[in-house]
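Below is one structure, written out as structure tokens; the observations come after it.
Values in this text are rule-based calculations from the coordinates and carry no lab data. Keep in mind that what you see is a predicted model, and the values were worked out from it rather than measured. Ideal geometry is used to build each Cβ from the backbone, glycine not excepted, and the neighbour counts take in all protein chains shown.
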């Protein structure tokens, strides 16, 4: 065990998407609690740097990683070795006491971490990945939150607060208030997109839920990022209350989305980043999951969250098992179709009513 007083600088490699960042927050907080005097440097993407600037939380500083296959770029990407050499030279100057690999199984990320020159390397490892000083087996079907807590616990960093917690800033509220209607109505947000088509609930179902919430007296907003504009437009085409339900796709930055989700009284969403962000902001949520993803992305509490799983394990188009998705040449299913369509509108409406009638107290974690 490293002497706590000797740890001055910690690197954490986690250069992926929004939901992935939310899942690692309890582990980051555990590191902050264990090493309060240390600087925690997050090795991430440009969006991390922009979003976390001046935002309260366990991260002190973000360093943007260079293009690298399997980390910040797709598998097989050929990096510029001159750029990498310059980056790792700068990282050696940081003199990290501990470097954590919390990015994945380690096939690409462990060699990357080892080049940082840290005194101690700790992280996840599949059987074929390069070993670190301290390795934790990477087993896919396991809670993401608990996975990273297990890794940091190897150096004595533990916490009882296993629920991810994210802070909202005044600038987040200010951006959100520019696009929502003033008034006293409760706010419902619908997020029908997801990067993986297999996680997308049918757009007509989201439309039905949006109409239901409007009829219940909510101001209803459909959210989405630019690549989700098609599905958002299709939901808007199917809602009955086209002039009353508002399309916010591409109108908010991540900061503004944080403000919107903080102000919302309920979010209904696929298993995607905004769902996990809303949960970290203590906004009541109803999430729609494929059963395998529920294993990894299950929330740590139920007081403000409902998670409705689909147990479909075979592709509705070809019949192959969902566990056989793989590379282009392995004979596995390649269909981009929903695996969650069997979750009914009635079950989602029931979950919304149960959640909101249970007297759940909305918390706003303002900075």
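Relative to the longest principal axis of the Cα atoms of the chain, helix 203-215 runs at roughly 60 degrees. With all projection directions averaged, the alpha carbon convex hull of the range 100-192 covers 10.0 nm². Neighbour counts of C-beta atoms inside 10 Å place 303, 223, 253 in the sequence 303, 253, 223, starting with the fewest. According to the Kirkwood relation over distinct C-alpha pairs, the hydrodynamic radius of the chain is 21.6 Å. Taking other C-beta atoms within 10 Å as the exposure proxy, 60, 265 rank 60, 265 from fewest upward. Of the three principal axes defined by the Cα atoms of the range 1-149, the extents in descending order read 38, 35, 29 Å. Compared with the dominant Cα axis of the chain, that is its longest principal axis, helix 254-263 is turned about 50°.
Counting Cα-Cα pairs of the range 170-357 in 10 Å increments starting at 0 gives whole-percent bin shares of 10, 38, 36, 13, 3, 0. Going by neighbour counts of Cβ atoms within 10 Å, the residues 201, 290, 47 line up, fewest first, as 47, 290, 201.
Each peptide among 136-146, 79-89 gets the average number of other Cβ atoms lying within 10 Å of its residues, and from highest to lowest they stand as 136-146, 79-89.
Counting only alpha carbon atoms, the long axis of helix 144-153 and the longest principal axis of the chain meet at about 20°. Each stretch of four or more DSSP H residues adds -39500 (n - 2.57); spread over every residue of the chain, this sum gives -10000 deg cm²/dmol at 222 nm.
Note on the chain: GNM, Cα springs under 10 Å; of 174, 118, 157, the largest mean-square fluctuation is that of 174. With contacts taken as Cα pairs under 8 Å at a separation of at least 6 residues, the chain carries a relative contact order of 16 percent. Between the range 193-224 and the range 50-82, what is the C-alpha centre distance in whole Å? Computed from Cα coordinates, the inter-centre distance equals 32 Å.
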